[in-house]
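Novice: For reference, the structure I am asking about is given below.
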Amino acid sequence: MSAKLFSVNTVAFKCLKTLQDCSTRGFSIGAASLGSVNLKGRSCLTLKDFSSDEIKRLLWVSGDLKHRIKHEKQYLPLLQGKSIAMIFEKRSTRTRMSTEIGFALLGGHPCFLTSQDIHLGVNESGTDTARVLSGLCDIVLARVYSHSTLEELDKEASIPIINGLSELYHPIQILADFLTLQEHYGSLSGLTVSWIGDGNNVLHSFMMTAAKLGVHLKIATPKGYEPERSVIQEAQRLSKEHGTQLVLTSDPMEAAHGSNVLVTDTWVSMGQEEEKKKRLKDFKGYQITMQTGSVAKPDWTFLHCLPRKMEEVDDEVFYSSRSLVFSEAENRKWTIMGLMVSLLTDYTPQIPMQKF
């Protein structure tokens, strides 16, 4: 990493030394104070519903918890006496581990429920499930096939609902991605992120978030695999509002040109196995290699939400010093912890967050 690049934790440590001169309540980004942002009681189905300052607040809390718990070895039982229901219609490594371990680390009790453990949408309606869980736990994280399932749960529940993944959005992944980039580059504003791959749920969440953080977004998808039209329209509106660039193309090298960050994801998601042969053919030329990075900026890095397959990115990039994928995977824990703490408590970070 360049000497000019520094992590949010390094900045946080320096600020701790002069904490008497840094007011966490008064710390502001632009004209708005992040200290005044309160997300307690909210749900998180999509970052489309969150403002620029609210997303920055979530990253601030996440970075603060990571610094205090991981680096200062503090015990913070912020969720002691609370419980979370974790509904998983789809299997998972990072989402399950980060949520279950993170909630327990904060003193709470996680309860993992698969489709074999719960009657959701089969023997019991979503309405009834939401009302039952509202009386049994404090928050629900649901990883589901249909986004409408989340919307029904949120409509009927009296507790916060978190989207652990749906076919439309994957907000908790994007929080981890941006915390990772914040740590690596020291600032998000002005970065260019290039997505090279499928127009899927992870991309949709990037599109609902990037402009709000001052990040330019370039997207390359094969013809027929573009993002949802309604998501494109909203992303265009956000880009115009926040003064960032949004580029859509079918040429991976065009998207990579001048970029700080190259991102891809699986080309064959769960439930698309029958389409694998066709998809691999349609995505020919989309594998990220050092040749792709040759047209990016000298400091370019690589992200992938995992699990990864060779056709998406080769080993030379994936295991290189440019790859941030394992820090990105770890940050799934810190950002889901930051999100759960923000939705369930009035917690105020103890260290000031640097400017984006």
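The values are calculated or read from the model by the stated rules, or taken from the named source; none is laboratory data. Note that this is a predicted model, so its numbers are computed, not measured. Methodologically, a virtual Cβ is constructed for each residue, glycine included, from the backbone with ideal geometry; neighbour enumeration extends over all protein chains shown. Accessible surface is based on the protein model in full, side chains and every heavy atom, while ligands, DNA and RNA are left aside. Shrake-Rupley method; radii C 1.70, N 1.55, O 1.52, S 1.80 Å.
Novice: Helices (runs of 4 or more DSSP H) wholly in the stretch 81-193 with at least 2 residues that are under 16 Å from SER43 (Cα atoms) and open to solvent by 60 Å² or more (accessible area, probe 1.4 Å) - which ones?
Specialist: Hits in the stretch 81-193: 147-156.
Novice: Do the conditions hold for SER239, that is, is it touching a residue at least 40 places away in the same chain (Cβ under 8 Å) and open to solvent by less than 40 Å² (accessible area, probe 1.4 Å)?
Specialist: Spelling it out, it is not the case that SER239 is touching a residue at least 40 places away in the same chain (Cβ under 8 Å) and open to solvent by less than 40 Å² (accessible area, probe 1.4 Å).
Novice: Determine which member of the set HIS242, HIS204 is touching a Phe, Trp or Tyr at 6+ places or on another chain (Cβ under 7 Å), assigned by the TED database to the domain that holds PRO298, under 19 Å from THR46 (Cβ atoms) and not polar (S, T, N, Q).
Specialist: Of HIS242, HIS204, the one residue that is touching a Phe, Trp or Tyr at 6+ places or on another chain (Cβ under 7 Å), assigned by the TED database to the domain that holds PRO298, under 19 Å from THR46 (Cβ atoms) and not polar (S, T, N, Q) is HIS204.
Novice: Select from the stretch 58-80 the residues that are part of a loop (DSSP other than H, G, I, E, B) and either of a type outside the set (A, V, I, L, M, F, W, C) or closer than 18 Å to ARG332 by Cβ (or both) and write down the one among them that is least open to solvent (accessible area, probe 1.4 Å).
Specialist: Checked the stretch 58-80; the qualifying residue least open to solvent (accessible area, probe 1.4 Å) is LEU79.
Novice: Something else now. Any chance you could count how many residues in the stretch 240-267 are more than 15 Å from SER194 (Cβ to Cβ) and at pLDDT 95 or above?
Specialist: The number of residues fulfilling the criteria is 4.
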